[in-house]
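The values are calculated or read from the model by the stated rules, or taken from the named source; none is laboratory data. Keep in mind that what you see is a predicted model, and the values were worked out from it rather than measured. Neighbour counts run over all protein chains shown; Cβ positions are idealised from the backbone, glycine included.
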Amino acid sequence: MTVHDSNDLLDTALIPYDKIFTTPNGVFVQGTVVGIQPNKPGGAVTLADGQELPYDALVLCPGSIWEGPLAFPLEGKAVPEFVAARRAEFNNAQKIVLVGGGAVGIEYAGEIKDIWPEKEVTIVHGDSSLMNSTYSARFRKGLEDGLRSRGVNIIIKDHVDGFPPPGPVTVKTRKGVVIDADLVVPTRGTRPRTAFIAESLGAGALDEKNQIKITRTFSPWETPSTPSSRSRLRKPTLTLLSSLQT
Ligand SMILES: Cc1cc2nc3c(=O)[nH]c(=O)nc-3n(C[C@H](O)[C@H](O)[C@H](O)COP(=O)(O)OP(=O)(O)OC[C@H]3O[C@@H](n4cnc5c(N)ncnc54)[C@H](O)[C@@H]3O)c2cc1C
């Protein structure tokens, strides 16, 4: 979607949440949770606009922080303009460096080569083979062979640390490989969007990767437990909270 308007996903991918509840069993609130107060009876979350929403049960699923062309703005109305700007960057660049050869980097390389076979695409990947060790060596080698056969350059066991703004630039990898580029795209994975959880529940709520520490029953590890919460549950009502309203 962010590379080109062919088969334009922008027409179908943005799904509003406002009609997600068809009966009065839930409500959608657009807002950003900035605080959690688990000690109040039942608990409450505070939104950036100051609103406070009480809860009996809180499900934490804040997703990830993405970079570059996947760092979509929170306001749905701003997404088309954001996507148009990213498409222009891909269109205007002849030499494109993708920093990270996971699913996203591979998908971008394939899309760019589909649309503009003549563009020079280089993937710089830190691991010894594309993707990661979750996948078999054979599968990873197959991906690499497929991309190379389509003219994608692949540099493995190396890293790029800086992300200059679009425009002609010389990129130097950690190992000193020099690459001319018009566009350097971060495709190096995500970070958990969990800072607000640590701010509310303390740093101990997160692990060393900033992921939420959980028990075997998916409760946050160090949150005051609510063993009696079941008996206090009001009539179940679901509040879907998202900072993103597409
Ligand atoms: C290019 C691309 C292609 C992909 N292709 C596939 C695919 O083919 N198949 C597949 O299975 N997966 C795919 N994925 C991955 C998939 O999109 C994610 O795994 C999935 O979206 C994760 O779901 P989630 O609910 O954990 O997080 P998200 O979908 O990120 O949802 C989290 C939501 O929480 C909101 N939020 C965060 N913090 C707060 C806060 N403090 N207050 C209120 N709201 C907040 C965010 O705004 C967001 O709306 C792809 C991802 C990308 C980028």
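Here are the numbers:
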item: Residue in segment 6-25 that is within 30 Å of residue 202 (Cα to Cα) and outside the structural domain of residue 134 (by TED's automatic domain parsing) present; result: no
item: Failed criterion for residue 46 (all others in (1) at positive phi; (2) not in a loop (DSSP other than H, G, I, E, B) hold); result: (1)
item: The listed residue being assigned by TED's automatic domain parsing to the domain that holds residue 211, without any contact (Cβ under 8 Å) to a residue 24 or more places away in the chain, over 21 Å from the mean Cα position of the chain (by Cα) and over 25 Å from residue 99 (Cα atoms), out of 49, 56; result: 49
item: Qualifying residues in segment 49-77 (those that are among the small types (Gly, Ala, Ser), exposed (fewer than 15 other Cβ atoms within 10 Å of the Cβ) and under 30 Å from residue 89 (Cβ atoms)) - the one nearest to the ligand (Cβ to nearest atom); result: 63
item: Single residue of segment 93-139 satisfying the filter (of a type in the set (A, V, I, L, M) and assigned to a loop (DSSP other than H, G, I, E, B)) that is nearest to the chain's Cα centre (by Cα); result: 131
